[in-house]
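Chemist: The structure under discussion is supplied below as structure tokens; questions concerning it will follow.
The values are calculated or read from the model by the stated rules, or taken from the named source; none is laboratory data. All of these numbers come straight from a predicted model, not from anything done at the bench. So basically every Cβ, Gly included, is an ideal-geometry build from the backbone, and we count neighbours across all protein chains shown.
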Amino acid sequence: MLALRLLLREWRSGELGVLLAALSIAVAALTGVGFLVDRIDAAIDLQAREVLAADLRLRSRNPMVSHIFDEAARRGVASARVASLLTVVFHGEQSQLANIRAVSSGYPLRGRVRISSQPFTAGHETRAIPGRGEVWADSRLLAATGAQIGSPLSIGTATLKVTQVLISRPDQGGAFSDLAPNLIINDADLPGTQLIQPGSRVGYAALFAGDKAMVAAFKTWLAANKQPGERLMDVEEASPQIHTAVDRAGRFLSLASLVSVLLCCIAVAMSARRYVQRHLDVVALMKTLGATRRLTLTVSYLQLLCIALLATAIGSLVGFGVQEWLLHALRGLFATELPAASAAPLALGLLAAVAVLSGFALPPLLQLSRVPALRVLRRDIGPPPTLVLLAFGPAVLVILGLIAWVVRELRLFLQVSAGLVVFIAVLTLAGLALVSVAGRLRTSVGVSWRYGIANLSRRRAESVLQIACFGTGLMVLLVLGLVHGDLLDDWRRALPVDAPNYFFINIPADKRVEFVQFLQAQGGRTTRVLPMIRGRMTQIRGRPIATLALQGERGEEFSQREQNLTWTPTLGDDNAIVAGRWWTANDTGKPLVSVATEYAESLNIHVGDTLSFDIAGEPLTATVASIRKVKWDSFQPNFFLVFAPGVLDETAGSYLTSAFLRPEQARSLAQLAKRFPGVSIFDIDDMLTQVRTMADKAALAVQSVFLFTLFAGLTVLLAAVQASRDQRRFESAILRTLGASRRVVALGVIAEFLTLGLLAGALAAAGASIGGYFLATRVLQIPYTLDQRVWLVGVLGGAALVAISGWIATRSVVHQPPLATLRTNYQ
Amino acid sequence: MPSAQAQNHRESVLKAEALTKQVSSPEGPLTIVNAVSLEIMAGESVAILGESGAGKSTLLALLAGLDDPTSGRIILAGTDLTSLDEDGRARLRAQRVGFVFQSFHLVPALTALENVMLPLELTGTRNAAAAALDSLTRVGLGLRARHYPRQLSGGEQQRVALARAFVTQPAVLFADEPTGNLDAVTGERIAERLFELNSAVGTTLVLVTHEESLAQRCARQLRMSAGRLV
């Protein structure tokens, strides 16, 4: 209780304000990002479950054995079956290739099917499935065949009646094969269609869902008992790319928030140091009056714990508010409503607060408890000196611990830690140089400026620290604020004005000539038309993919996913051979393949290597004849893997092409869609706009996280001002006693902070220019033009912000009557 | 109280035996207090006089258990101080010892009342606020209880320090140049107040000063020179 009372009394004195502010900002930065990533992750999980229409999905080319369903039922796990195949359905004379799904009751186990009585409407959710003899067909299928509700559809040898319009099903997927119109039937009607014959391409899926633990246990059982050729997918696997992307974005945002946390650590350390200096006498007195060391330690621990709890509460509230605001700003990026955040980030915030205090405030506070009582008689006596290791060890450990926790990868941890050391060294050197340059100017300025600049030079270490910390906050904001917006614009401007702006996919092989003629008749400028089939790579140089140790996530991705394959006799002008040779007419029919550089590098493929594929169930082994550098932003059809003509020609597939259409020509696309209903049209301009919107929103998220960095920089400034307050008060009193007016002293203080802000701004602008240059030329590989606004905003903004903050923090010092200061005998 | 004082008068409350304090210096070991032996009886008032550097403040620090002697023994209120560790000495001080310092040593963040409450809170005394207010009233500052040290004059601050020193009714009160930071008139008033309280509470007073007039108010004067009692 005594400790709490003392804390309350300390709190009233305002000594702990900066410490609490710094810690709250650190917690806010961490929890804000934590809440955001937590909610987005949960939303992706939810979406992934919907994509699977289940928690677990077992896929196979063969019918599932029934005992797995029995086992699921025994374990209390719900199950459902889906069989899917592509076939042509008829409505009278009209026919259309459609993706048929025969589903059992319970489908879908996750997500909902939407149906309607009218095509092209939003529809409503249903828990039912089509009854026997019924079919739910989607709007496109109905439009293509001219059928409507009540119409009979011939599917194989059966005729089923359309009873609902299928608006959407959760497991629609984005693969090109899923782009065919959809229909759902009851799985009891499937045998009657007689579509399932030896050799027919039917995909079977078993869906399972239930309690998390039960599903996890069932997954283990299923993995051990599944048949060869059966593939098990869970939520993680359902959307590996988006999970990776969110994980990466989350780690980047956490790293960004770590910059704020590190600056806050400095503010916390400075505040704690001042607190200790100010409390040496008090602790000595308490010991003289009978306080034991244990009591003073307890007081310190309890005070720190209370501060940590308070900072966690304030910081988490701010973090949650910022996250809510961010999600509001980012709305549209997520398809669904985001689930509520979990409490995990709160625990994380508290943990971080305790860690920061333990690393940066506890060592000086422990020192404080060691001050001898004798100090009440001899003020020159302080606490016994501590080992450097004990003084700085915890701080270094906490920083390394925080970095390790955020990056969770040894190599990145080492890179970030080394980067931090270099960054600190460069900033310190730059800060030192700036302070000494400013120091030389003081002979040529008036008395107030001379006093202000002299202060900067005299408190050199503190000045450099403030310039570096505040400069860092401003720098990251400048890089993001002024560089990101221009990058996409620059890139878009660099593209030729008549670059293709529409992609057409799923063009039926027999209609491709007609399709291109149609486009050209509308005035469209078409590009090459390439066939497309899907295949999975199985071996490289005769070794199964699964046994190869692949470097990097991209290699894994390339090796695991089904690839789009094509063949062509001619090399496009947007492709350049970098190794091997392109095929000639003599190579037609030879199993040769040309590989794009990205693909070759990720999978370590060279000319002469053999690659084996599974294409529509047929094995094919081809030799790498060449490696191509592809100019992807030509917006012409391009593939990672291109085969020589005559190898895959027999395989059924569809075609794709791209074209440039002026806005007035684009109106004919409606006609085109009607005439070629199976063809999917992608508007590149729309996609680019979406990319731009997403980039803007992502930048906003990062900027708001870095805004914390700026605030953290400000707390360092406040901590430094607080640390020098007694000295400033004394100097101000001396100056005023010597006859300086309040105005001169005030101007001196403003001059000091204005110079500090100018220097921090200059450092930030220089850093942002260099950072922007590297970002543009090295990472994004686009030309970089120096933006003068960086300097204007950096220098002027920095000067204004620091001058105002510094003046607010010190004005009480200037306004205090000199006699009061000299009387209190501060040294 | 006077009767209690008379009863205790013959008991020894503070005893030092061959007390020596040496510190190391660039010129070799320096003896600040040299084989000092003394005995002070309960209720007695003793002044330790001497020039600056004579070792009187160091002697006071040793007697109060604020510092460790290099050799020798101190018995304070029946307990051998030299056998206690730092925390043990602190606990003994909390129960039996009061202090008044030259530079007042009030905690700036605490009000006058809270400063006086502090020693009571450290011993876990109940009704600390009431006792502290009573003590403040006895030094004439009952109406300034909510004021912070910076809002009080030097004399008032020292009166708060006196209220704090006497609030626990200590067996021994150590005063280190209690009027040293005050002007003559204020110093005189503070000294008056100190001796008044001392006689009212029956506390043993050990006063370190270089002021002859203040020392003469004490029943006994001990003089120090070069670390020895002379």
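Chemist: Every residue in region B:130-172 that is within 11 Å of chain A (Cβ to nearest Cβ), surrounded by fewer than 20 Cβ atoms within 10 Å (Cβ to Cβ) and not in a helix (DSSP H, G or I), please.
Modeler: Those that are within 11 Å of chain A (Cβ to nearest Cβ), surrounded by fewer than 20 Cβ atoms within 10 Å (Cβ to Cβ) and not in a helix (DSSP H, G or I): B:TYR148, B:SER153.
Chemist: Okay, next question. In the list A:ILE184, A:ILE266, A:ILE155, which residue meets the criterion of being of a type outside the set (Phe, Trp, Tyr), buried (at least 22 other Cβ atoms within 10 Å of the Cβ), at pLDDT 80 or above and out of contact with any helix residue (DSSP H, G or I) (no Cβ under 9 Å at 6 or more places or on another chain)? Break it down into steps so the answer makes sense when it comes.
Modeler: Values: A:ILE266 fails: out of contact with any helix residue (DSSP H, G or I) (no Cβ under 9 Å at 6 or more places or on another chain); A:ILE155 fails: out of contact with any helix residue (DSSP H, G or I) (no Cβ under 9 Å at 6 or more places or on another chain).
On inspection, the qualifying residue turns out to be A:ILE184.
Chemist: Quick check on my filter: what residues within region B:93-124 are over 21 Å from B:GLU156 (Cβ atoms), touching a residue at least 12 places away in the same chain (Cβ under 8 Å) and out of contact with any helix residue (DSSP H, G or I) (no Cβ under 7 Å at 6 or more places or on another chain)? Working first, answer last.
Modeler: Of region B:93-124, the ones over 21 Å from B:GLU156 (Cβ atoms) are B:93-97, B:121-124.
Still in the list and also touching a residue at least 12 places away in the same chain (Cβ under 8 Å): B:93-97, B:122-123.
Within region B:93-124, B:GLN95, B:ARG96, B:VAL97 meet the criteria.
Chemist: A further question follows. So in region A:65-94, with the set limited to residues that are more than 24 Å from A:ALA209 (Cα to Cα) and over 41 Å from the mean Cα position of the chain (by Cα), which one is surrounded by the fewest Cβ atoms within 10 Å (Cβ to Cβ)? Lay out the reasoning, then the answer.
Modeler: Taking region A:65-94 and keeping what is more than 24 Å from A:ALA209 (Cα to Cα), we get A:86-94.
Right, trim to over 41 Å from the mean Cα position of the chain (by Cα) and you get A:88-94.
Details: A:VAL88: 11, A:VAL89: 24, A:PHE90: 16, A:HIS91: 20, A:GLY92: 12, A:GLU93: 7, A:GLN94: 12.
If we take residues in region A:65-94 being more than 24 Å from A:ALA209 (Cα to Cα) and over 41 Å from the mean Cα position of the chain (by Cα), then A:GLU93 is surrounded by the fewest Cβ atoms within 10 Å (Cβ to Cβ).
Chemist: In region A:606-615, what count of residues is obtained for those that are within 36 Å of the chain's Cα centre (by Cα) and either part of a strand (DSSP E or B) or modelled with pLDDT under 90 (or both)?
Modeler: Going through region A:606-615 one residue at a time, the tally reaches 5.
Chemist: Would you check which residues across region B:196-217 are modelled with pLDDT of 90 or more, surrounded by fewer than 21 Cβ atoms within 10 Å (Cβ to Cβ) and either in contact with a His (Cβ under 8 Å, 6 or more places away or on another chain) or within 28 Å of B:THR137 (Cβ to Cβ) (or both) and list them?
Modeler: If the condition is that a residue be modelled with pLDDT of 90 or more, surrounded by fewer than 21 Cβ atoms within 10 Å (Cβ to Cβ) and either in contact with a His (Cβ under 8 Å, 6 or more places away or on another chain) or within 28 Å of B:THR137 (Cβ to Cβ) (or both), then B:ARG217 is the only one that fits.
Chemist: How about region B:79-108: which of its residues are at pLDDT below 90 and of a type in the set (S, T, N, Q)?
Modeler: If the condition is that a residue be at pLDDT below 90 and of a type in the set (S, T, N, Q), then B:THR82, B:GLN95, B:GLN102, B:SER103 are the ones that fit.
Chemist: Further, regarding this structure: Taking interchain pairs and intrachain pairs at least six residues apart, which have beta carbon atoms under 9 angstrom, with the first residue in region A:644-662 and among the acidic types (Asp, Glu) and part of a loop (DSSP other than H, G, I, E, B) and the second crowded, with 22+ Cβ neighbours inside 10 Å and at pLDDT 90 or above?
Modeler: From region A:644-662, the pairs are A:ASP649/A:PRO531; A:ASP649/A:TRP567.
Chemist: Quick one: what pairs do we get from region A:383-403, first residue modelled with pLDDT under 75, second surrounded by 14 or more Cβ atoms within 10 Å (Cβ to Cβ) and not hydrophobic (A, V, I, L, M, F, W, C), C-beta under 6 Å, 6+ apart or different chains?
Modeler: Between residues of region A:383-403 that are modelled with pLDDT under 75 and residues that are surrounded by 14 or more Cβ atoms within 10 Å (Cβ to Cβ) and not hydrophobic (A, V, I, L, M, F, W, C), the close pairs are A:THR386/A:GLN367; A:ALA391/A:PRO363.
Chemist: Mind telling me which of the residues B:GLN95, B:GLN102 ends up being surrounded by fewer than 22 Cβ atoms within 10 Å (Cβ to Cβ), at the interface with another protein chain (Cβ under 8 Å from one of its Cβ atoms) and either closer than 29 Å to B:ALA191 by Cβ or under 16 Å from the mean Cα position of the chain (by Cα) (or both)? Outline the logic, then answer.
Modeler: On the way: B:GLN102 fails: at the interface with another protein chain (Cβ under 8 Å from one of its Cβ atoms).
Selected residue: B:GLN95, the only one of B:GLN95, B:GLN102 that is surrounded by fewer than 22 Cβ atoms within 10 Å (Cβ to Cβ), at the interface with another protein chain (Cβ under 8 Å from one of its Cβ atoms) and either closer than 29 Å to B:ALA191 by Cβ or under 16 Å from the mean Cα position of the chain (by Cα) (or both).
Chemist: Any chance you could count how many residues in region A:100-155 are within 23 Å of A:ARG57 (Cβ to Cβ) and in a strand (DSSP E or B)? Give the derivation first.
Modeler: First, pick out the residues of region A:100-155 that are within 23 Å of A:ARG57 (Cβ to Cβ): A:100-115, A:125-130, A:136, A:138.
Those left that are additionally in a strand (DSSP E or B): A:100-103, A:113-115, A:125-126, A:136, A:138.
Within region A:100-155, residues that are within 23 Å of A:ARG57 (Cβ to Cβ) and in a strand (DSSP E or B) number 11.
Chemist: While we're here: Go through region B:72-92 and report how many residues are aliphatic (A, V, I, L, M) and facing another protein chain (nearest Cβ under 9 Å).
Modeler: Result for region B:72-92: 2.
Chemist: Can you tell me which residue in region A:259-299 is nearest to the other protein chains (Cβ to nearest Cβ), limited to those that are without any contact (Cβ under 8 Å) to a residue 12 or more places away in the chain and small (Gly, Ala, Ser)?
Modeler: Among those that are without any contact (Cβ under 8 Å) to a residue 12 or more places away in the chain and small (Gly, Ala, Ser), it is A:GLY290.
Chemist: Then there's this: Return a yes/no flag: does region A:529-536 have any residue that is within 20 Å of A:LEU669 (Cβ to Cβ), of a type outside the set (Ser, Thr, Tyr) and surrounded by fewer than 12 Cβ atoms within 10 Å (Cβ to Cβ).
Modeler: From region A:529-536, those within 20 Å of A:LEU669 (Cβ to Cβ) are A:529; that's our starting set.
From what is left, the residues that are of a type outside the set (Ser, Thr, Tyr) are A:529.
Next cut, surrounded by fewer than 12 Cβ atoms within 10 Å (Cβ to Cβ) only: none.
Looking through region A:529-536, none of the residues is within 20 Å of A:LEU669 (Cβ to Cβ), of a type outside the set (Ser, Thr, Tyr) and surrounded by fewer than 12 Cβ atoms within 10 Å (Cβ to Cβ).
Chemist: Across region A:536-563, what is the total count of residues that are modelled with pLDDT under 85 and closer than 22 Å to A:GLU598 by Cβ?
Modeler: We begin by selecting, within region A:536-563, every residue modelled with pLDDT under 85; these are A:536, A:545-563.
If we keep only those that are closer than 22 Å to A:GLU598 by Cβ too, we end up with A:536, A:545-546, A:548-563.
Residues that pass the stated criteria total 19.
Chemist: I'd like to know if region B:122-138 contains one or more residues that are touching a strand residue (DSSP E or B) at 6+ places or on another chain (Cβ under 6 Å) and within 16 Å of B:GLY98 (Cα to Cα). Give the derivation first.
Modeler: Quick first cut of region B:122-138, residues touching a strand residue (DSSP E or B) at 6+ places or on another chain (Cβ under 6 Å) only: none.
There is no residue in region B:122-138 that is touching a strand residue (DSSP E or B) at 6+ places or on another chain (Cβ under 6 Å) and within 16 Å of B:GLY98 (Cα to Cα).
Chemist: Ok, one more. Taking the condition outside the structural domain of A:LEU297 (by TED's automatic domain parsing), modelled with pLDDT of 85 or more, in a helix (DSSP H, G or I) and closer than 27 Å to A:GLY473 by Cα, does A:ALA418 pass? Full working, then the answer.
Modeler: Values: outside the structural domain of A:LEU297 (by TED's automatic domain parsing): yes; modelled with pLDDT of 85 or more: yes; in a helix (DSSP H, G or I): yes; closer than 27 Å to A:GLY473 by Cα: yes.
Taking the combined requirement at face value, the residue satisfies it.
Chemist: Quick check on this structure: which one of A:GLY393, A:GLY359, A:GLY319 is out of contact with any Lys or Arg (no Cβ under 6 Å at 6 or more places or on another chain), assigned to a helix (DSSP H, G or I), closer than 23 Å to A:ARG39 by Cα and away from chain B (no Cβ under 14 Å)?
Modeler: On the way: A:GLY393 fails: closer than 23 Å to A:ARG39 by Cα; A:GLY359 fails: closer than 23 Å to A:ARG39 by Cα.
That would be A:GLY319, the only listed residue that is out of contact with any Lys or Arg (no Cβ under 6 Å at 6 or more places or on another chain), assigned to a helix (DSSP H, G or I), closer than 23 Å to A:ARG39 by Cα and away from chain B (no Cβ under 14 Å).
Chemist: So which of A:ARG541, A:ARG561 ends up being over 28 Å from A:TYR502 (Cα atoms), in the same structural domain as A:GLN636 (by TED's automatic domain parsing) and not β-branched (Val, Ile, Thr)? If you could, list the steps in order and put the result at the bottom.
Modeler: Working: A:ARG561 fails: over 28 Å from A:TYR502 (Cα atoms).
When all the criteria are applied, what remains is A:ARG541.
Chemist: Shifting gears a bit: Any idea which residue in region A:460-474 is surrounded by the fewest Cβ atoms within 10 Å (Cβ to Cβ), counting only those that are out of contact with any Ser or Thr (no Cβ under 7 Å at 6 or more places or on another chain) and among the polar types (S, T, N, Q)?
Modeler: The selected residue is A:SER463.
Chemist: Please specify each residue of region B:173-203 satisfying the condition of being more than 26 Å from B:GLN95 (Cβ to Cβ) and not in a helix (DSSP H, G or I).
Modeler: Filtering region B:173-203 down to residues more than 26 Å from B:GLN95 (Cβ to Cβ) leaves B:179-189, B:191-192.
Within region B:173-203, B:THR179, B:GLY180, B:ASN181, B:LEU182, B:ASP183 qualify.
Chemist: Could you say which residue among A:THR145, A:THR193 is crowded, with 22+ Cβ neighbours inside 10 Å, of a type in the set (Ser, Thr, Tyr) and either within 28 Å of A:GLN563 (Cβ to Cβ) or at pLDDT below 90 (or both)?
Modeler: Working: A:THR193 fails: crowded, with 22+ Cβ neighbours inside 10 Å.
Among A:THR145, A:THR193, only A:THR145 is crowded, with 22+ Cβ neighbours inside 10 Å, of a type in the set (Ser, Thr, Tyr) and either within 28 Å of A:GLN563 (Cβ to Cβ) or at pLDDT below 90 (or both).
Chemist: Okay, moving on. Please specify each residue of region B:113-129 satisfying the condition of being in a helix (DSSP H, G or I) and either under 30 Å from B:ILE75 (Cα atoms) or facing chain A (nearest Cβ under 10 Å) (or both). Lay out the reasoning, then the answer.
Modeler: The first filter runs over region B:113-129 and keeps only residues in a helix (DSSP H, G or I), leaving B:113-122, B:128-129.
Residues satisfying the conditions are B:GLU114, B:ASN115, B:VAL116, B:MET117, B:LEU118, B:PRO119, B:LEU120, B:GLU121, B:LEU122, B:ALA128.
Chemist: So, one more: So which residues in region A:504-528 are buried (at least 18 other Cβ atoms within 10 Å of the Cβ) and of a type in the set (Gly, Ala, Ser), if there are any at all?
Modeler: Once the filter is applied, which keeps residues that are buried (at least 18 other Cβ atoms within 10 Å of the Cβ) and of a type in the set (Gly, Ala, Ser), region A:504-528 yields only A:GLY524.
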